Amino acid sequence: MKNWKKWMSLLLCAGMMTGLSACGGDGGSENTAEGNDSGGSEGTEITLWTYPIGSWGDSATVDGIVAAFNEQYPDISVSVEFLDYTSGDDQVTAAIEAGTAPDIIMEGPERLVTTWGAAGRMVDLSDLWDEGTISDISAVSEAVVNACRSSDGAYYEYPLCMNAHCMAINYEVFEEAGALQYIDEETRTWTTEDFGNALQALKDAGVETTGIVYCGGQGGDQGTRALARNLYSAEFTNADHTEWTMNSEAGIRGLQQLVDWEQAGLLSHDAGLQAADELQLFANGTVAMSFAWNASNESNYAEQIDFTAYAMTFPSDDGVPELDGGIYGFGIFDNGDEAKIDAAKQFIQFVCDDETQGPQSVIASGFFPVRSSFGNVYEGSDQEERMTVFNSMMPYLGDYYNVTPGWADQRTAWWNMLQNIFNGNDVTESVNAYVETSSAATQAASGN
Amino acid sequence: MNKRMKPTGMQKALIRRETISAYLFLLPALIFFVGFVIVPMVMCLVTSFFNYSMTEFAFVGFSNYVEMFQDEIFIRALLNTILIVVVAVPVVTVFSLWVSSVIYKMNGAVCSFFRCIFYLPVVTGTVAVTVVWKWMFNRYTGLFNYVLGETGIIDSDISWLGDERTAIWCIILILLTTSVGQPVVLYVSALGNVDESLIEAAQVDGATSRQVFWKIKWPQIMPTTLYILVITTINSFQCYALIQLLTSGGPNHSTETIMYYIYYQAFRLYRYGYGNAMGVILAIIIAVFSAIQFKVAGRKND
């Protein structure tokens, strides 16, 4: 009896220890899409984390890309994990601090260069940026090259695609209200005066909610930034990306104009909404325009929309808008394993540079290539007509100021500032406070 | 005359063997507790004295604590958190006690039905519940504005989560619905365990319903009440998910809570040391509140 108890005790202890060991085991394979692992025992395993950039958030698409890669590189196995914009940054932060960061990550320079690169967590990809690559990308936009390069000269991002964020109107509502006269349908541009007239026409026609300046968080804040700064052609930062400049005369005038329209009942604001909420209201026809539009959103909401979502540039005083851009590409976390870094570079070059795969990778993003050599990747496809509209807006791409140090603090300060001015606080004081907060963050991030 | 007998050598060996077995059984849980609770707590305390970010790790003494009490947003978050606790804890406790008092006498199926109803928001998950509430609070398509507008109570639509005056109360309302489930279940169980013979004896002696409740039932459910008070207080202090999903702390920091601000500093601005310092202060505040509750409710329980 005594022996029986002893053995039972040992068995139970062993069982519990095994359970605990299992808890502490490598759970990395969960929720990951394994690539075509044809590598032998000497093969290299790398991990790729992607944000939902078009179909790069879709496992079937990414598995196909990984399979194509493995046809050329059978010794490299790629595990994929899909992030979302709600919790993705938190997952990456936790992984960095735990020493379990992925080998490759896909997003934009504001994260890869300004945040993780500046913190010394990324691998310098300068060896991928040869002269041919630089001239190929510069031919499309010099800003892309600059955005991927850190202030210390290192390249922390290898770009794949880009887009221009714009706005959209409900074409039929505008037509019924007689507001189409205020837009240039050929260039998809309008002036600030035209925009004001269109708002008035919509209101006169009984449209309850013309547009909503959402400021419930940072989601889709590029829309409100572009709206406010374009109205009187304000610059968001200085050319060196070292100072925030929306407290300029033009910036304050643009924000004051928004408040004036809101007080006149021509425009709404809502501190309880973010871009996703506004897009949903636009998609179901509640609001007549969206300030958070782009090619990807048009595709995402296509099934819900039963009207013509007509893409437009943001209104500006001179009729020449300056749109906010999005640049997306790959970076490599420095996990100290040269073999993995080399394998990651091979994956990135295959996805971005390969003559066949490169354009396919861009199409998967739903945006446009950063390389001029790729030409029109949508030519001859069923998306050609739709993408031609958005492609026509690419020349309006403005400065990529998202790489300014202290970016994360600035984003929070921005929507809080919008809440302040719409709550009746003085616009100048609120903008100055916003600039002060953002500048302090920039100085702290720059180590000054 | 109870004279304690000295254990023999054999007895000592048996005691030692049983003690070793007991510790062996405790060991896995102990490793888990130390590894995932004690060590992180100590690390949190230690790093709160450091300027700890993604790029720096330098000792700064009490600087984080000094900065915290000069940080207007932290003070705002602290006041908001206290407001949530002060409103939510009594309301949850009283409401769940009232509901339980009514339903525990009902027959089994009906009682279970009501328990399920009140427990549903707990098992549904915060995200799903929040999505529904977000829709109801929506200024343009929400249920509240529709009903209040149709009945003529309001003239124009209200941005419930976008207005400083209403946002925090909306958060508290949702918190109440997700917090009453467990207390209701616990109270129903506690009231069902009250000794019937004592109640009958009191009734025979002419006690009124009110007297039966306060003199017989209340003292017997006091341990449950104490548990509910402490748990609800801790949950209310740690209100985070609702803020993250609904308001991001806005408008104008009117729904900022300490937990959300800790998250924001640590995960958005990468100021781990500062976030940990706030975590230490929050833990101290929760400990003080819990101690007071133990002292007050525990004394009555003795």
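The values are calculated or read from the model by the stated rules, or taken from the named source; none is laboratory data. What you see is a predicted model, and the numbers here were worked out from it, not measured in a lab. Note that each Cβ is placed from the backbone with ideal geometry, even for glycine, and that neighbours are counted across all protein chains shown.
Of all residue pairs spaced 6 or more apart or on separate chains, none has beta-carbon atoms under 7 Å together with a first member in segment A:415-428 that is at the interface with chain B (Cβ under 7 Å from one of its Cβ atoms) and within 18 Å of A:Ala226 (Cβ to Cβ) and a second member that is at pLDDT 95 or above and outside any loop (DSSP other than H, G, I, E, B).
Of the listed requirements (1) more than 14 Å from chain B (Cβ to nearest Cβ); (2) closer than 21 Å to A:Tyr396 by Cβ; (3) modelled with pLDDT of 95 or more, A:Val351 misses just one: (2). A count restricted to segment B:249-262 and to residues that are of a type in the set (S, T, N, Q) and surrounded by fewer than 24 Cβ atoms within 10 Å (Cβ to Cβ) stands at 2.
Looking only at segment B:157-204, count how many residues are within 14 Å of chain A (Cβ to nearest Cβ) and assigned to a helix (DSSP H, G or I).
The total comes to 9.
Among the residues of segment B:129-156 satisfying the criterion of being part of a loop (DSSP other than H, G, I, E, B) and facing chain A (nearest Cβ under 9 Å), which is nearest to A:Asn423 (Cα to Cα)? Steps first, please.
Taking segment B:129-156 and keeping what is part of a loop (DSSP other than H, G, I, E, B), we get B:138-142, B:151-156.
Of the ones still in play, those that are also facing chain A (nearest Cβ under 9 Å) are B:138-141.
On the way: B:Asn138: 19, B:Arg139: 16, B:Tyr140: 19, B:Thr141: 22 Å.
Taking the candidates together, the pick is B:Arg139.
Does B:Ile234 count as within 24 Å of A:Asn416 (Cβ to Cβ) and aliphatic (A, V, I, L, M)? So B:Ile234 fails the test. For A:Glu81, indicate whether it is away from chain B (no Cβ under 14 Å), farther than 25 Å from A:Ala441 by Cα and part of a strand (DSSP E or B). The answer is yes for A:Glu81.
Quick check on my filter: what residues within segment A:197-228 are in contact with a Gly (Cβ under 6 Å, 6 or more places away or on another chain) and not hydrophobic (A, V, I, L, M, F, W, C)? Result: A:Gly216, single match. Kindly check whether there is at least one residue in segment A:111-118 that is under 27 Å from A:Pro395 (Cβ atoms), within 14 Å of another protein chain (Cβ to nearest Cβ) and out of contact with any Asp or Glu (no Cβ under 7 Å at 6 or more places or on another chain). Yes, segment A:111-118 has at least one match. A:Val389 fulfils the conditions (1) assigned to a helix (DSSP H, G or I); (2) within 29 Å of A:Leu125 (Cβ to Cβ); (3) in contact with a strand residue (DSSP E or B) (Cβ under 6 Å, 6 or more places away or on another chain) except for a single criterion, (2).
For segment A:233-249, the condition holds for no residue, the condition being that it is surrounded by fewer than 24 Cβ atoms within 10 Å (Cβ to Cβ), part of a helix (DSSP H, G or I) and within 13 Å of another protein chain (Cβ to nearest Cβ).
Residues that are polar (S, T, N, Q) and in a helix (DSSP H, G or I) were ranked within segment A:251-293; the one that is nearest to the other protein chains (Cβ to nearest Cβ) is A:Gln280. Being at pLDDT below 95 and polar (S, T, N, Q) is the filter; apply it to segment A:289-325 and report the residue that is farthest from A:Met387 (Cα to Cα). Here the answer is A:Gln304. Consider A:Ser296 against the criteria (1) touching an Asp or Glu at 6+ places or on another chain (Cβ under 9 Å); (2) assigned to a helix (DSSP H, G or I); (3) more than 30 Å from A:Ala98 (Cβ to Cβ); (4) away from chain B (no Cβ under 14 Å): it satisfies all of them except one. Which criterion is unmet? Of (1) touching an Asp or Glu at 6+ places or on another chain (Cβ under 9 Å); (2) assigned to a helix (DSSP H, G or I); (3) more than 30 Å from A:Ala98 (Cβ to Cβ); (4) away from chain B (no Cβ under 14 Å), only one is false for A:Ser296: (1). Of all residues in segment B:41-71, those satisfying the criterion of being within 12 Å of chain A (Cβ to nearest Cβ) and not charged (D, E, K, R) are B:Met43, B:Thr47, B:Asn51, B:Tyr52, B:Ser53, B:Met54, B:Thr55, B:Phe57.
This table checks each residue for (1) among the small types (Gly, Ala, Ser); (2) closer than 24 Å to B:Gln70 by Cα; (3) in contact with a Leu (Cβ under 8 Å, 6 or more places away or on another chain).
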{"position": "B:Ile231", "(1), (2), (3)": "no, no, no"}
{"position": "B:Ile234", "(1), (2), (3)": "no, no, no"}
{"position": "B:Phe237", "(1), (2), (3)": "no, yes, yes"}
{"position": "B:His253", "(1), (2), (3)": "no, yes, no"}
{"position": "B:Ile258", "(1), (2), (3)": "no, yes, yes"}
{"position": "B:Tyr270", "(1), (2), (3)": "no, yes, no"}
{"position": "B:Ala277", "(1), (2), (3)": "yes, yes, no"}
{"position": "B:Ile284", "(1), (2), (3)": "no, yes, no"}
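Can you pull out every residue in segment B:264-300 that is over 24 Å from A:Trp407 (Cβ atoms) and within 14 Å of chain A (Cβ to nearest Cβ)? Result: no residue meets the conditions.
Counting the residues of segment A:228-274 that are touching a residue at least 60 places away in the same chain (Cβ under 8 Å) and not aliphatic (A, V, I, L, M) gives 21. In segment B:244-253, the count of residues that are outside any helix (DSSP H, G or I) and closer than 27 Å to B:Gln182 by Cβ is one or more.
If you check A:Ser135, A:Ser126 for being within 23 Å of A:Gly375 (Cβ to Cβ) and more than 14 Å from chain B (Cβ to nearest Cβ), only one passes: A:Ser135. For segment B:190-232, the set of residues classified as without any contact (Cβ under 8 Å) to a residue 24 or more places away in the chain and under 28 Å from B:Cys116 (Cα atoms) consists of B:Glu196, B:Ile199, B:Ser209, B:Arg210, B:Val212, B:Trp214, B:Ile216, B:Trp218, listed by residue number. Set side by side, the residues B:Ser248, B:Ser236, B:Ser209, B:Ser254 differ, and just one is of a type in the set (Gly, Ala, Ser) and farther than 30 Å from B:Asn138 by Cα, which is B:Ser209.
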